[in-house]
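Visitor: The following block contains the structure, expressed as structure tokens.
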Amino acid sequence: MEHTVVERTLAILKPDCVRKHLIGEVVARIEKAGFTVLAMKKVRLSKESAGGFYAVHKGRPFYDGLVEFMSSGPCVPIALEKENAVADYRTLIGATDPKDAAPGTIRKLFADNKGENIVHGSDSPENGLSEINYFFSSKELIEVG
Ligand code: DAT
Ligand code: MG
């Protein structure tokens, strides 16, 4: 059967989301879509930690602006769990550029542009686990039950 593998993915409510007071709105949409919150906290990333998180994009033309933006104010990393979490979360948030995002997606609803696009989402189950480990220790991940 498809979609029966329980996965974890990392969401980050980016500094624009926090500045717009949309934390609750976005978390509500994530929970209504069936995700379980394992861990959540508010952090202010240094340029070094933002750069480390996005190291895969180092050298791209948008990298310096991305690091600047992600360290411009607090953000909210959230460890999520659900069957098919990685793909389902990316469907929920929509395309990277809100202009291309489907109607009703979080980025279409709330994002201003491709650089300031409200939320991060992991792109594979493997990266979901490693990105969660970037922000949370294993004892901070609390399963329901
Ligand atoms: P996503 O966040 O949808 O996984 P990505 O991994 O390609 O997208 O890029 C990471 C972030 O970098 C993205 O959320 C916003 C920024 N970014 C990507 N491409 C960009 C571009 N062409 N101009 C400005 N910012 C960009
Ligand atoms: Mg990505």
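The values are calculated or read from the model by the stated rules, or taken from the named source; none is laboratory data. All of these numbers come straight from a predicted model, not from anything done at the bench. Note that each Cβ is placed from the backbone with ideal geometry, even for glycine, and that neighbours are counted across all protein chains shown. Areas reflect the complete protein model, heavy atoms only, side chains present, ligands, DNA and RNA absent. Shrake-Rupley method; radii C 1.70, N 1.55, O 1.52, S 1.80 Å.
Visitor: Can you compute the helix-only [θ] at 222 nm over the chain? Use -39500 (n - 2.57) per DSSP H run of at least 4 residues, normalise by all residues, nearest 500 deg cm²/dmol.
Guide: -10000 deg cm²/dmol
Visitor: Find the accessible area per residue for the chain; the probe is 1.4 Å, ligands and nucleic acids are left out, and the unit is Å².
Guide: For the chain, the per-residue accessible area is 53 Å².
Visitor: With the dipole of segment 6-140 worked out from charges on the C-beta (+1 for Lys and Arg, -1 for Asp and Glu) around the Cα centre, which of Gly34, Phe110, Gly121 lies farthest toward the positive end?
Guide: Towards the positive end, the residue furthest out is Phe110.
Visitor: How many angstrom separate the Cα center of segment 56-74 from the Cα center of segment 103-117?
Guide: Centre-to-centre (Cα) distance: 18 Å.
Visitor: Using only the Cα atoms of the chain, what semi-axes does the equivalent ellipsoid have when each is the square root of 5 times a gyration tensor eigenvalue? Give whole Å, largest first.
Guide: In descending order, the three semi-axes are 22, 18, 15 Å.
Visitor: HN-Hα J couplings of segment 38-44 from phi, Karplus 6.51/-1.76/1.60, θ = phi - 60°, integer Hz, Gly and Pro as x?
Guide: With coefficients 6.51, -1.76 and 1.60, one gets 8, 6, 7, 7, 9, 9, 10 Hz.
Visitor: So, with a 1.4 angstrom probe, what is the percent of accessible area on the chain that is carbon and sulfur?
Guide: 53
Visitor: Let me ask something else. Return the long-range amide H neighbours of Ser122 (sequence gap of 5 or more, or a different chain), with a cut-off of under 5 Å between placed amide H atoms.
Guide: Those lying under 5 Å, H to H, from Ser122 are Leu10.
Visitor: Related question: Which is farthest toward the positive dipole end of the chain among Val5, Cys75, Tyr54, measuring Cα position about the Cα centre, with Cβ charges +1 (Lys, Arg) and -1 (Asp, Glu)?
Guide: Final value for the positive-end residue is Cys75.
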